[in-house]
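K.L.:
Handing you this structure, nothing more for now.
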Amino acid sequence: MNAAGTKPEPKPKQPAGAWLWEKACNLAGAGVYALFGYSCVVDVRQNHRLSSAIALTLVSCFALFFLVRGAPRQHNQSVRDWLLALCGTYLPPLIRPAAAMHDSVLLQGLQIAATCFAIAGILSLNKSLGLVAANRGIKTEGVYRFVRHPIYAGYLLEFSAFWAQNITLPNTLLLVTWIGCEVARIFAEEKLLVLDPDYAAYMKKVRFRLLPGVF
């Protein structure tokens, strides 16, 4: 999810077991996304809710691109960074459609815009989509001209709008916990990436991480 390179790099050599660990995380994540997708499909079929259909579109794209993501040039072995990455990636799909419907055309419009923004970021990264903080090169074009973490920005707006239409105590606790993990995850990624002079220059050019004028 962090910045991706514009120049081809030699295929990195990962530490022993790193490839297996990342694949195991992908499979575990696939299960989480599948359960969320199933809950959305059921909700769409039973209640015809557009909010669930939009959320399903975004998580389907994430699931697809994680299957083809590339290997990082630097492998991160920090337990803290891995925990942040796993929570930041897999907590939102634990949010579930609420029994009482509170769909809003305005919030659905925000969902659609956020989903398109996040997908644009995914497409920009292509096979360099990552899970944990790592240097996969520096991406500065496309939606990366507006914020430094466009995928996270789209994800934040999408699931915040989805939550606002499905407010329950468990969903609220999940969203608040996830936002805290995601902010910490961003700082962890940038702490690593700023060691690259190209990213340091990029940070000066694009000041905001998620929301222009805010953060």
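The values are calculated or read from the model by the stated rules, or taken from the named source; none is laboratory data. None of these values were measured; they are calculated from a predicted model. Cβ atoms come from the backbone with ideal geometry, glycine included; neighbour counts cover every protein chain shown.
K.L.:
Taking only pairs six or more apart or across chains, which ones have beta-carbon atoms under 6 Å, a first residue in region 102-114 that is under 15 Å from LEU56 (Cα atoms), and a second residue that is polar (S, T, N, Q) and buried (at least 16 other Cβ atoms within 10 Å of the Cβ)?
P.N.:
GLN108/SER51
K.L.:
What number goes with the only condition from (1) hydroxyl-bearing (Ser, Thr, Tyr); (2) over 19 Å from LEU83 (Cβ atoms); (3) touching a helix residue (DSSP H, G or I) at 6+ places or on another chain (Cβ under 8 Å); (4) surrounded by 14 or more Cβ atoms within 10 Å (Cβ to Cβ) that TYR152 does not pass?
P.N.:
(2)
K.L.:
Which condition breaks for GLN77 when tested against (1) assigned to a loop (DSSP other than H, G, I, E, B); (2) modelled with pLDDT of 85 or more; (3) over 24 Å from VAL41 (Cβ atoms)?
P.N.:
Just one mismatch for GLN77, condition (2).
K.L.:
On to the next question. What residue, of LEU94, LEU83, is modelled with pLDDT of 90 or more and of a type outside the set (Lys, Arg)?
P.N.:
Among LEU94, LEU83, only LEU94 is modelled with pLDDT of 90 or more and of a type outside the set (Lys, Arg).
K.L.:
Follow-up. Filter region 175-204 for residues that are in contact with a helix residue (DSSP H, G or I) (Cβ under 8 Å, 6 or more places away or on another chain), without any contact (Cβ under 8 Å) to a residue 40 or more places away in the chain and assigned to a helix (DSSP H, G or I); which is surrounded by the most Cβ atoms within 10 Å (Cβ to Cβ)?
P.N.:
ILE186
K.L.:
Does any residue of region 157-172 turn out to be of a type in the set (Gly, Ala, Ser) and either under 16 Å from TYR90 (Cβ atoms) or buried (at least 22 other Cβ atoms within 10 Å of the Cβ) (or both)?
P.N.:
yes
K.L.:
Give me a count of the residues in region 105-124 that are polar (S, T, N, Q) and at pLDDT below 95.
P.N.:
2
For (1) farther than 23 Å from VAL42 by Cα; (2) surrounded by 16 or more Cβ atoms within 10 Å (Cβ to Cβ), each residue gets a yes or a no:
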site	(1), (2)
THR89	no, yes
VAL105	no, no
ALA118	yes, yes
SER124	yes, yes
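K.L.:
Taking the condition of being part of a helix (DSSP H, G or I) and on the phi < 0 side of the Ramachandran plot, how many residues in region 137-174 meet it?
P.N.:
24
K.L.:
Condition check: surrounded by 15 or more Cβ atoms within 10 Å (Cβ to Cβ) and of a type in the set (A, V, I, L, M, F, W, C). Does PHE208 satisfy that?
P.N.:
No, not satisfied.
K.L.:
Still on this structure: Exactly one of these conditions fails for GLY142: (1) under 23 Å from GLN77 (Cα atoms); (2) touching a helix residue (DSSP H, G or I) at 6+ places or on another chain (Cβ under 7 Å); (3) free of Cβ contacts under 8 Å to residues at least 24 places away in the same chain. Give me its number.
P.N.:
All conditions are met except number (1).
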